[in-house]
Each structure stands twice: as C-alpha cells, then as structure tokens.
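Bear in mind these aren't lab numbers, they're just calculated from the coordinates by the rules spelled out. Note that the coordinates shown come from a computational prediction; the quantities given were computed from them, not determined experimentally. Here the Cβ positions follow ideal geometry from the backbone for every residue, glycine too, while neighbour counts run over all protein chains shown.
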Amino acid sequence: MRSRLPVLRTRRRYMAFELEAEGARTIQPKDLMDEIFAIQFSLFGESGAAANRIKLITFNGRRGLLRCHHQHLSDTRAVLAAICSIREWRVALHTKGVSGTIKAATEKYLPPLHEISGESDGRRIELVEISGCIIRTQGLEVDLCPDDRSKTKGSDTRYLGLTSFDLSGGHEHADGTADGL
C-alpha cells in the first residue's frame, strides 16, 4: 500500500501526560483509553471524537503519550482534565507538553528515570560555574545533570547541553575543537 503524499497527510501532535492515582493503584492502558473515549464522546460527540482521532501511543501506568490532530490540542487537553476517576479510583492527569514527533516528546517530557538521577556512568564535570554528572555524550556534545537544580529552572529539560568549547574553559587558546573528556 502506498503512503500518502506529505501534503495530504493529517498533521499530528504528541501529548505527554502524567497520571496520579489514589493510593498505589496500577491503571491498565485499556481502562485509561475507555475513560478517554467516554469523556471525549460526552464532551464533543461522535463527530468531534472522529475528527480528533486520539490514540494512546505508550503508557507505563504512570506516564504516557497520546497522539491527536494538530487542530484539536485544546480539545485533547480538556478531555485529559475532565478525567477524575478510572474504574472507581480517583485519578488526575497532567499534561507535560506537546511535540510534533514521538522522539522529541519522549526526550523532552518523558525522560527515563535513570537519566534524571545523574548516576549513569559515574563521570563528572567540575567547572567554576557548573558541576554535575555526565548523562550522555554524542560527538563533541555532552548532556549534564547539574548538581544545582536552579540552573535548569524555567526550562523544559532537566539537564544541560554543553559543547567542547564550554568544556575547554573558553580561554584564549581554546578553539572549540578539543574533546575535553
């Protein structure tokens, strides 16, 4: 089967969310989708639900990713905000962010817990302005989980991106090409 031309494809957005359940309840993905569909039908009817085409991409019991139509983001947020119980358990769903691709949504809003903790492989950076554990390296770029959490305050990420120029100290002999690791 041939795929559609990019001009004819529907534009999608991926919404990351977090679920808080009463007690230590484990919510199944099927139960969550049943509740999403019920709320969506009650708020927007069959035509509104058909136009939005919400689909659950991933859900691990606490955090998940929904796909929706790009013009129905506010409708999808309203559906998530309207959910107050699943199978008689009180829950609350909080939207973390929206992105155009699954990869970007996962990296920005649903990072793995071991990356946030900063205990990945024990390598550290100690500079005058910043210190912390190295999370990931790619070429000459480094992602750093800072010891001082105020350095990432106000941003959507929980770690900082550094380059080789940052690591070489930025002094007069640094040309930005040294590896620094």
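A simple rule links phi to the HN-Hα coupling: the Karplus curve 6.51 cos²θ - 1.76 cosθ + 1.60 with θ = phi - 60°, which for the range 26-37 gives 10, 9, 7, x, 5, 5, 5, 5, 4, 5, 4, 5 Hz, with x for Gly and Pro. Annotation: extensible slack from SER131 through MET33 equals 31.0 nm (criterion: 0.36 nm per residue apart, minus Cα-Cα distance). Evaluating 6.51 cos²θ - 1.76 cosθ + 1.60 at θ = phi - 60° for every residue in the range 84-94, the Karplus couplings come out as 10, 8, 10, 6, 6, 9, 6, 9, 9, 10, 10 Hz, glycine and proline recorded as x.
Taking GluC sites (Glu not before Pro) across the range 5-53, the ones in a DSSP loop with at most 12 further Cβ atoms lying within 10 angstrom of their Cβ are GLU22. Computed over neighbours whose Cβ is under 15 Å from that of SER85, the net charge equals -3, Lys and Arg +1, Asp and Glu -1.
Of the trypsin sites (Lys or Arg not before Pro) found in the range 25-111, those that fall in a DSSP loop while having at most 15 other beta-carbon atoms within 10 Å are ARG25, ARG53, ARG62, ARG87. Phi angles across the range 57-62 convert, under the Karplus curve 6.51 cos²θ - 1.76 cosθ + 1.60 with θ = phi - 60°, into 3J(HN,Hα) values of 7, 9, 7, 10, x, 10 Hz, Gly and Pro given as x. Checking every one of the chymotrypsin sites (Phe, Trp or Tyr not before Pro) in the range 25-104 against DSSP loop status and a limit of 16 other Cβ atoms within 10 Å picks out no site at all. Legend: calculated FRET efficiency, GLN71 to THR26, from the Cβ-Cβ distance at R0 = 30 Å, rounded to 0.05, equals 0.35. With each label modelled as a point 7 angstrom along the Cα→C-beta vector, the ARG87-ILE57 pair spans 2.6 nm.
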